[in-house]
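Have a look at the structure below, then the notes.
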Amino acid sequence: MSAAEQIFGAGGKRLRPALVFLVSRATAELVGLKELTTKHRRLAEIIEMIHTASLIHDDVLDESDMRRGQETVHQLYGTRVAVLAGDFMFAQSSWYLANLENLEVIKLISQVIKDFASGEIKQASSLFDCDLELEEYLIKSYYKTASLIAASTKGAAIFSGVDGSLSKQMYEYGRNLGLSFQIVDDILDFTQSAEQLGKPAASDLAKGNLTAPVIFALEKEPKLREIIESEFCETGSLDEAIKLVKTSGGIEEAQELAKEKANLAIHNLHCLPRSPFRVALEDMVMFNLERFV
């Protein structure tokens, strides 16, 4: 319980439950629902629990010392407790999910937990791989981030009782927003300080996890490939690699990709009637992009 309280108490944006509530409100209006159901609320809780469980396990796998500006669970309580705490949260959220008794949503969110594992395996098998294609990076980003956000938004629409074509558009909104969100996170890894990030800067690159800014930079900087493939064995080579990413235009190209996914997300909302909730969903997309301004 102390381990769970540690990470829940560390703050965070609570983006996923907010999306559940906003999509719930926006779609409930279409079918004449005046109030959110208990299933909408429970879904928001389940989604945040799954997200938090994945963060605990991520920090163990990445050997991260900091999360949201505080010590990680495994730093405070040890790896054994951290793994068990993450497992417990996955199990608890699965139990709550089963009790919602909606097979479509159960399948949808169960797939997310599988996607997390697939994303970690994909990442682990492509470390320091300078031939990583942008499409492979986007698939990995879908597994690790966008899958849960897409399930959040589609699940909310399903519980509102809207038709399948509309719930599919909500899924695509969540998927595109999630991809844009991950790309922005990967940009911030290069442009923000450790204090702003709440974790060491350029930590992904240091571990050999190549993200959008690096993939774009590799197209223009042959020297960068040499440094990455040497796994930063020479003193100062990581700093040189970071500088090459920044001067090659890799960050700017990644920003364009994030904007492209954001525009698709806003387009996915056109199936909803104009309302304060749709405007808020559009604002969520813009809020994400404003993080790298």
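Relative contact order for region 1-155: what is it in percent, counting Cα pairs under 8 Å that are at least 6 residues apart? All intermediate terms of the calculation are to be shown ahead of the outcome.
Details: 135 pairs, mean separation 42.6, N = 155.
Rounded, it is 27 percent for region 1-155.
Per residue of region 46-58, what does 6.51 cos²θ - 1.76 cosθ + 1.60 with θ = phi - 60° give for ³J(HN,Hα)? Whole Hz please, x for Gly and Pro, Karplus curve as stated.
Taking θ as phi minus 60°, the curve returns 4, 4, 5, 5, 5, 4, 5, 4, 5, 5, 4, 5, 4 Hz for region 46-58.
Only helical DSSP H runs with n ≥ 4 go in: add -39500 (n - 2.57) per run for the chain, normalise by residue count and round the 222 nm mean residue ellipticity to 500 deg cm²/dmol.
Taking each H run of at least 4 residues, the total per residue is -23000 deg cm²/dmol.
List the residues, sorted by chain then number, that are 5 or more residues from Gly78 or on another chain and whose placed amide H is less than 5 Å from its amide H.
none
Around Thr37, which amide H atoms from residues at least 5 apart in sequence, or from another chain, sit under 5 Å from its own amide H, with H modelled in the peptide plane?
none
Glu135 to Ser110: extension gain in nm, 0.36 nm per residue of separation minus the Cα-Cα distance?
Values: separation 25, 0.36 × 25 = 9.00 nm, distance 2.41 nm.
Full-extension gain reported as 6.6 nm.
Can you tell me the orientation of helix 237-247 relative to the chain, as the angle in degrees between its alpha-carbon axis and the longest Cα principal axis, to the nearest 10?
It works out to around 60 degrees.
Whole-Hz ³J(HN,Hα) for each residue in region 155-168, computed from phi via Karplus 6.51 cos²θ - 1.76 cosθ + 1.60 with θ = phi - 60°, x for glycine and proline: what do you get?
For region 155-168, the Karplus curve yields x, 4, 5, 4, 6, 7, x, 7, 6, x, 5, 6, 5, 5 Hz.
Per q in 0.14, 0.15, 0.22 Å⁻¹, report the Debye log10 I(q)/I(0) for region 19-147, using one uniform scatterer on each alpha carbon and no solvent.
Once normalised to I(0) and log-transformed, intensities are -0.76, -0.84, -1.28.
For Cα pairs less than 8 Å apart in space and 6+ apart in sequence, what is the mean separation divided by the residue count of the chain, i.e. the relative contact order in percent? Please report the intermediate quantities before stating the final value.
On the way: 401 pairs, mean separation 62.2, N = 293.
Result for the chain is 21 percent.
What spacing in nm lies between the two simple spin-label points modelled at Gln92 and Ser118, each 7 Å away from Cα in the Cβ direction?
The two pseudo-label positions are separated by 2.8 nm.
Compute the length gained on full extension between Asp163 and Met286: take 0.36 nm times their separation in residues and subtract their Cα-Cα distance, giving the result in nm to one decimal. Could the numbers behind the result be given before it?
On the way: separation 123, 0.36 × 123 = 44.28 nm, distance 2.72 nm.
Extra length from Asp163 to Met286 when fully extended: 41.6 nm.
Could you give me the ³J(HN,Hα) list for region 275-287, computed from phi with Karplus coefficients 6.51, -1.76, 1.60 and θ = phi - 60°, whole Hz, x at Gly and Pro?
Listing the rounded values in order: 7, x, 6, 5, 4, 5, 5, 5, 4, 4, 5, 5, 4 Hz.
Rg to Rh ratio, the chain, alpha-carbon atoms and Kirkwood radius?
On the way: Rg = 19.4 Å, Rh = 19.8 Å.
Checking Rg against Rh, the ratio lands at 0.98.
Enter the Cα centre distance for the pair region 1-45 and region 255-293, rounded to the nearest angstrom.
Taking the Cα centre of each part, region 1-45 and region 255-293 sit 19 Å apart.
Which of the lysines could a cross-linker bridge to Lys220, judged by Cα under 24 Å and excluding same-chain residues fewer than eight apart?
Answer for Lys220, where 24 Å is the Cα cut-off: Lys140, Lys207, Lys243, Lys246, Lys259, Lys261, listed by chain and number.
Rule-based calculations on the coordinates, nothing more; no lab input. Since this is a predicted model, take the numbers as computed values, not measurements. Every residue, glycine as well, gets a Cβ built from its backbone with ideal geometry; the counts of neighbours run over all protein chains shown.
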